[in-house]
Structure formats: C-alpha cells, structure tokens
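No lab work stands behind these numbers, since they all come straight from the coordinates. Quick caveat, the model's predicted, so the values are computed rather than measured. For neighbour counting, all protein chains shown are included, and Cβ atoms are generated from backbone atoms with ideal geometry for every residue, glycine included.
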Amino acid sequence: DTGVSQNPRHKITKRGQNVTFRCDPISEHNRLYWYRQTLGQGPEFLTYFQNEAQLEKSRLLSDRFSAERPKGSFSTLEIQRTEQGDSAMYLCASSPRQGRDTEAFFGQGTRLTVV
Amino acid sequence: GNSVTQMEGPVTLSEEAFLTINCTYTATGYPSLFWYVQYPGEGLQLLLKATKADDKGSNKGFEATYRKETTSFHLEKGSVQVSDSAVYFCALSASGTDKLIFGTGTRLQVFP
C-alpha cells in the first residue's frame, strides 16, 4: 500500500498527558499537511511542510502543539498537556508538489480521545 | 477571510434520483475549488476539482461548475447509486497558499 499512513489509528489518553502521532506520506511527496477534524465539522488546517521546512502554522496550533518533519519524509505531531478539547481526528495529507490546484492525498487519520 | 458554506445534511435519496449539494465560497483572488468524498471507514479522497471560472470538474458521474458570478461550486449527479453514500466536502485553496479550507460536509444516504 503506497498511500498516506498514520499511526496510531486510535489513541485514548488522560488529560494532562503528552501524545505523539506519526504520518508517513506517499513516497517522494514533498508537501505534508496536518489537519484536525471534530465531529460534524470539516477538516481545519493546522500546519504544513515543504520537505523538512515548516512553512505555515495556523492560529489553531497553540504552544502545546508541535510538528516536525526532520528528514523531509515522515512527520510527527506532538500535543503536550492534552486537554479534553483536543479530542478530534487528526488527519495527515501529502501532495507531490506545490500549487493550489494540486490534489492532496489523505490518510485515514488518528482519532484522539482525551478523558 | 476565506470560507466555504455547504448545505447541511443528511441528504436522503432513493437510488437513481438526481443529486444536488450546494456549495458557496468567499475568497480573495481566484481560488481553486474541490469536492472531496469520505466513504465509511476510509480517508478523504479527491472527487473532482476546478481551477478557474467556468471550468467544469467531473468524475464518476459527478459534476461541478466553477461559477465566479455566484461564487458557487454545486455538486450534481444525474442518477445516484447506493454506493455513493458518503460524506461530501466542498473545499477551496486560495491564491498564494496551498492549504485547503473545507466546508462542514454533507452526508448523503442513498436507499435502494
């Protein structure tokens, strides 16, 4: 399977704990995006990378959130001191090049539940 | 700011019925417009797109036309199938950025 892979698929954590999610994009895709989707809403942009450079961060991304893409391949999204409001589906997407008409390929997401 | 508004669901249809899901947008410049679909248990996937005014995107019998004068990108299909049951998201990518801005999604349920 050469699609976008996200791990874990599900994560349940206690409030205040740290969590980390991983995204493996389609090979050779240099753009990688993170989105967050809550129930009944569309995905909301969080951040994106061009290779290893983080080019844009949403205001939604508080100081407790950090994303990395150290070698321009896989990416991690870490949430520190989780809160119940962080419960959501976290989606990763990749695309082969820049350009606003370029298709983004999405993974199946990581569902986070903070209890 | 940039935003997308789409009709609330669920939309419930019988097989072979005509489908319209409305989508309007607000954006500066000339955005690209997309419809993404999410089938049960699967990730979002691109259904169709249009990158400039009057372009028509089409795929799998679905069509949408980029209407700049009405800032709309309505999704249509002449005859829906049970297998079309899914959540449909309208989205835009504004000038100068590659990120997608999504609507809230419309759930389509097709019954035999």
remark   = When (1) closer than 18 Å to B:K99 by Cα; (2) among the β-branched types (V, I, T); (3) surrounded by 20 or more Cβ atoms within 10 Å (Cβ to Cβ) are applied to A:T110, the one that fails is (1)
message = Just to be sure before I move on: is A:Q84 more than 21 Å from B:I101 (Cβ to Cβ), in contact (Cβ under 8 Å) with a residue 40 or more places away in the chain, in contact with a strand residue (DSSP E or B) (Cβ under 8 Å, 6 or more places away or on another chain) and within 11 Å of another protein chain (Cβ to nearest Cβ) in the structure I sent?
response = no
message = So, in the range A:17-60, how many residues would count as being under 20 Å from A:V114 (Cβ atoms) and out of contact with any strand residue (DSSP E or B) (no Cβ under 9 Å at 6 or more places or on another chain)?
response = 1
task = Mind listing whichever residues of the range A:27-61 are among the small types (G, A, S), in a loop (DSSP other than H, G, I, E, B) and exposed (fewer than 14 other Cβ atoms within 10 Å of the Cβ)?
result = A:S27, A:G40
ask   = Can you tell me which residues in the range B:1-34 are in contact with a helix residue (DSSP H, G or I) (Cβ under 8 Å, 6 or more places away or on another chain) and either in a loop (DSSP other than H, G, I, E, B) or closer than 27 Å to A:R59 by Cβ (or both)?
value = B:E15
